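*Asks:* Before I ask anything, here is the structure I am working with.
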Amino acid sequence: MWAFIHKLGSPRWFYGMSAKMQPWFWAAAVLLLVVGSLWGLAFAPADYQQGNSFRIIYVHVPAAFLAQSIFIAMAVSGLVFMVWKIKVADMAATVMAPFGAVMTFVALFSGAVWGVPTWGTWWMWDARLTSMLILLFLYIGVIALRSAFTRRDSGSRAASVLTMVGVINIPIIKYSVDWWYTLHQTASFTLTSRPTMPTQMWLPLVIMLLGFYCFFIAITLMRTRSEILRREASKRWVQELLTDPMLSTATKKAR
Amino acid sequence: MTPKRKQKLWVILGLVSLAAIAVGLTLYALRANINLFFSPVQIAQGDAPMARQIRAGGMVKEGSVARDPDSLDVEFTVTDYVDDLQVVYSGILPDLFREGQGVVVVGELQADGHLYADKVLARHDENYMPPEVAQALKEAGYSPADYQTSAADK
């Protein structure tokens with residue numbers, strides 16, 4: 001276990017391992033997203049009250065799940081980087097932030113579009129919507145803080161601290177609908193209780209969720225790889241990899 | 001783990017828990033303001049200010065919606081099953097507005113105890129189902145809001 005974690009911390013090992021894993025996640029993401037969106041948009045039944053506008057759930061819920069999961073993943077990476085000085089963790093946190101910000105924006109935007117026909121308003125300063133907006137600002141803050149330093153190490157530490165403190169917002173988002181009166185309804189999809197919708201509506205949602213997660217993992221592996229090349233550009237193994245493709249395959253075999 | 005790393009871990013955990021406590025206390029102090037709306041019980045107790053824009057929320061009482069046939073005026077009762085609040089509104093109601101559903105109304109509480117609304121927003125619950133399932137539930141004597149309980153019974 002510890003050996004695996006130590007290996008994971010080596011940029012070179014991560015670069016090789018992610019090359020092997022990447023195609024599987026891309027394939028799974030494409031398959032799940034195509035099946036899930038076709039099923040959800042065309043074949044799942046319409047809701048008895050909302051009709052077809054209910055189908056926004058197939059984008060809204062996965063995006064909101066990812067927005068929160070990515071922030072937690074960044075906080076864990078930040079902790080690993082701060083305590084154990086593992087650089088790959090910081091690289092992963094760097095590349096995850098923009099994707100998380102996009103997912104938060106997608107969740108807010110799809111929620112606004114959904115709110116017009118159902119609630120009668122696209123925005124309301126209720127606890128759920130406001131805490132989600134704060135999450136978007138936190139993402140933007142982390143990205144901006146990281147690039148505000150001339151020394152990369154200082155930027156990484158500042159961004160890690162902001163992420164770890166900002167993670168307090170995640171339980172607030174999750175429980176806002178239970179703790180306070182909000183316009184937003186309570187959770188429709190949880191891992192712990194039975195679904196609040198029949199299987200023919202619920203299954204495409206699960207497929208979309210898995211598809212979003214696979215897409216996130218695939219894109220994070222891909223972008224972490226380019227971040228490794230950028231930051232380790234002066235290392236010998238990277239230069240060998242870039243200058244001599246024949247040699248790089250040879251070293252791969254030797255390992 | 002080296003002592004230095006252990007120390008760093010504790011510093012970070014301490015920092016995060018202090019921040020969490022600060023945020024938690026702030027939210028606790030502001031809890032009344034974070035609530036989006038007053039419930040009819042709170043209004044009956046006199047917690048809500050008069051003649052100022054407030055939001056009130058609850059369920060539209062079954063059989064309480066009275067529309068004026070010549071205009072967009074509508075009156076209905078919002079209830080939390082303990083106290084009732086009479087709402088007067090003139091305008092277009094959201095599609096999801098119906099008796100037995102949740103609403104949030106924005107408006108001013110007047111001396112006659114009625115709330116004169118500028119805006120009515122529909123709330124909806126966390127249950128989704130196709131029309132046939134809702135129909136079947138109704139025939140079996142359940143309300144669609146009981147979807148989870150009825151599914152558990154089966």
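*Asks:* For region A:185-219: of the residues being surrounded by fewer than 19 Cβ atoms within 10 Å (Cβ to Cβ) and among the polar types (S, T, N, Q), which is farthest from B:Pro130 (Cα to Cα)?
*Replies:* This residue is A:Thr192.
*Asks:* With the condition kept exactly as written, say whether any residue in region B:43-52 is buried (at least 18 other Cβ atoms within 10 Å of the Cβ) and β-branched (Val, Ile, Thr). Even if it seems obvious, please write down each step before you answer.
*Replies:* First pass over region B:43-52, keeping only residues buried (at least 18 other Cβ atoms within 10 Å of the Cβ): B:43, B:48.
From what's left, β-branched (Val, Ile, Thr): B:43.
Within region B:43-52, one or more residues are buried (at least 18 other Cβ atoms within 10 Å of the Cβ) and β-branched (Val, Ile, Thr).
*Asks:* Please count how many residues of region A:223-240 are in a loop (DSSP other than H, G, I, E, B) and touching a helix residue (DSSP H, G or I) at 6+ places or on another chain (Cβ under 6 Å).
*Replies:* Residues of region A:223-240 that are in a loop (DSSP other than H, G, I, E, B), as a first pass: A:232-235.
This time we only want the ones that are touching a helix residue (DSSP H, G or I) at 6+ places or on another chain (Cβ under 6 Å), so: A:232.
Final tally of qualifying residues: 1.
*Asks:* Inside region B:50-100, can you point out the residues that are among the hydrophobic types (A, V, I, L, M, F, W, C) and within 24 Å of B:Ala32 (Cβ to Cβ)? I'd like the intermediate steps shown before the answer.
*Replies:* Step one: list which residues in region B:50-100 are among the hydrophobic types (A, V, I, L, M, F, W, C), which gives B:50-51, B:54, B:56, B:59-60, B:65-66, B:72, B:74, B:76, B:78, B:82, B:85, B:87-88, B:92-93, B:96-97.
Within region B:50-100, B:Met50, B:Ala51, B:Ile54, B:Ala56, B:Met59, B:Val78, B:Val82, B:Leu85, B:Val87 meet the criteria.
*Asks:* Something else: So, restricting to strands (runs of 3 or more DSSP E) that lie completely within region B:1-113, which ones have at least 3 residues that are of a type outside the set (Val, Ile, Thr) and closer than 29 Å to A:Asp178 by Cα? Talk me through it step by step, then tell me what you get.
*Replies:* Details: elements: B:53-60, B:73-79, B:84-90, B:102-109.
Per the criteria, B:53-60, B:84-90, B:102-109.
*Asks:* Looking at B:Gly24, is it within 12 Å of another protein chain (Cβ to nearest Cβ), surrounded by 11 or more Cβ atoms within 10 Å (Cβ to Cβ) and either in contact (Cβ under 8 Å) with a residue 40 or more places away in the chain or under 19 Å from B:Asp125 (Cβ atoms) (or both)? Show your work before the answer.
*Replies:* Working: within 12 Å of another protein chain (Cβ to nearest Cβ): yes; surrounded by 11 or more Cβ atoms within 10 Å (Cβ to Cβ): yes; either in contact (Cβ under 8 Å) with a residue 40 or more places away in the chain or under 19 Å from B:Asp125 (Cβ atoms) (or both): no.
Criteria not met by B:Gly24.
*Asks:* Are any residues in region B:99-131 away from chain A (no Cβ under 13 Å), of a type in the set (Gly, Ala, Ser) and surrounded by 15 or more Cβ atoms within 10 Å (Cβ to Cβ), and if so, which ones?
*Replies:* The one that is away from chain A (no Cβ under 13 Å), of a type in the set (Gly, Ala, Ser) and surrounded by 15 or more Cβ atoms within 10 Å (Cβ to Cβ): B:Gly107.
*Asks:* Name the residue that is nearest to B:Ile12 (Cα to Cα), counting only residues in region A:85-130 that are among the hydroxyl-bearing types (Ser, Thr, Tyr) and modelled with pLDDT under 90. Talk me through it step by step, then tell me what you get.
*Replies:* To start, the set of residues in region A:85-130 that are among the hydroxyl-bearing types (Ser, Thr, Tyr) comprises A:94, A:104, A:110, A:118, A:121, A:130.
Next, from what is left, pick out any that are modelled with pLDDT under 90: A:118, A:121.
Values: A:Thr118: 43, A:Thr121: 41 Å.
Applying the filter and picking the extreme gives A:Thr121.
*Asks:* Sticking with this one: Given B:Gly100, B:Gly63, which one is touching a residue at least 40 places away in the same chain (Cβ under 8 Å) and over 27 Å from A:Ala75 (Cα atoms)?
*Replies:* Numbers: B:Gly63 fails: touching a residue at least 40 places away in the same chain (Cβ under 8 Å).
Result of the check over B:Gly100, B:Gly63: B:Gly100.
The values are calculated or read from the model by the stated rules, or taken from the named source; none is laboratory data. All values reported here derive from a predicted model rather than from experimental measurement. Cβ: placed from backbone, ideal geometry, glycine included. Neighbour counts: every protein chain shown.
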